[in-house]
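The values are calculated or read from the model by the stated rules, or taken from the named source; none is laboratory data. Please read all numbers here as calculations on a predicted model, not as lab measurements. Here the Cβ positions follow ideal geometry from the backbone for every residue, glycine too, while neighbour counts run over all protein chains shown.
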Amino acid sequence: MTRSFRPGQGLIVVRTEVVGVHGRALLRLALDTGATSSLINAGPLVALGYDPGASNDRVQVTTGSGIEFAPRVTLDRIRALGKARGRFPILAHTLPTSAGVDGLLGLDFLQGWRLTVDFRLGRLGLR
């Protein structure tokens, strides 16, 4: 499946569906091949019924401002770029509002598939 994006716009934003006990949400995640783990802001996770504060699993995250620890929660289901994963672990970490996205779609989601990014044509594919 391929999607279009605007190469000159900066971030490649991927519409991502996340499922929790309280329903579904369509989030905007930045495609980040430099992130080993995907992450979502805590607010949407809480709205879907997840409780990052109750997680005993904390992961060290290196950010532009230093090293922090983020709770890891397991999503019931996540779907992006036509691909889905169930029981998917994700980090709950708040990005600044200036980022303009709800989180990052990292390498852990992309593993096992072929990602193609064509900046000339503005096409993104995951097979």
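For the condition touching a residue at least 24 places away in the same chain (Cβ under 8 Å) and either touching a strand residue (DSSP E or B) at 6+ places or on another chain (Cβ under 8 Å) or closer than 21 Å to residue 5 by Cα (or both), residue 123 qualifies.
Among the residues that make up the stretch 24-36, is at least one of them touching a strand residue (DSSP E or B) at 6+ places or on another chain (Cβ under 7 Å), farther than 20 Å from residue 110 by Cα and among the basic types (Lys, Arg)? Looking through the stretch 24-36, at least one residue is touching a strand residue (DSSP E or B) at 6+ places or on another chain (Cβ under 7 Å), farther than 20 Å from residue 110 by Cα and among the basic types (Lys, Arg).
Can you go through 34, 23 and tell me which one is exposed (fewer than 11 other Cβ atoms within 10 Å of the Cβ) and at positive phi?
On the way: 34 fails: at positive phi.
Matching residue, one of 34, 23: 23.
Answer yes or no: is there a residue in the stretch 41-50 that is in contact with a His (Cβ under 8 Å, 6 or more places away or on another chain) and either in contact (Cβ under 8 Å) with a residue 60 or more places away in the chain or among the polar types (S, T, N, Q) (or both).
yes
Filtering the stretch 1-20 to residues that are loosely packed, with under 13 Cβ neighbours inside 10 Å and in a helix (DSSP H, G or I) leaves 8, 9.
Between 25, 84, which is at pLDDT 95 or above, touching a helix residue (DSSP H, G or I) at 6+ places or on another chain (Cβ under 7 Å), small (Gly, Ala, Ser) and not in a loop (DSSP other than H, G, I, E, B)? Lay out the reasoning, then the answer.
On the way: 84 fails: touching a helix residue (DSSP H, G or I) at 6+ places or on another chain (Cβ under 7 Å).
One residue alone meets the criteria, 25.
Based on what the data block shows, is residue 53 out of contact with any helix residue (DSSP H, G or I) (no Cβ under 6 Å at 6 or more places or on another chain) and either surrounded by fewer than 13 Cβ atoms within 10 Å (Cβ to Cβ) or of a type in the set (Ser, Thr, Tyr) (or both)? So residue 53 passes the test.
Inspect all residues belonging to the stretch 67-77 and state whether any of them is hydroxyl-bearing (Ser, Thr, Tyr) and within 16 Å of residue 18 (Cβ to Cβ). Before you say what the answer is, go through the steps one by one.
Pass one, the stretch 67-77, residues hydroxyl-bearing (Ser, Thr, Tyr): 74.
Restricting the remaining residues to those that are within 16 Å of residue 18 (Cβ to Cβ) gives 74.
Yes, the stretch 67-77 has at least one match.
Among the candidates 74, 33, the residue that is touching a residue at least 40 places away in the same chain (Cβ under 8 Å) and more than 10 Å from the chain's Cα centre (by Cα) is uniquely 33.
Of the residues 77, 72, 85, which single one is under 29 Å from residue 119 (Cβ atoms) and of a type in the set (Lys, Arg)? Break it down into steps so the answer makes sense when it comes.
On the way: 77 fails: under 29 Å from residue 119 (Cβ atoms); 72 fails: under 29 Å from residue 119 (Cβ atoms).
Sole residue among the options that is under 29 Å from residue 119 (Cβ atoms) and of a type in the set (Lys, Arg): 85.
Taking the listed residues 75, 95, 45, the one that is touching a helix residue (DSSP H, G or I) at 6+ places or on another chain (Cβ under 9 Å) and not in a strand (DSSP E or B) is 45, with no other qualifying.
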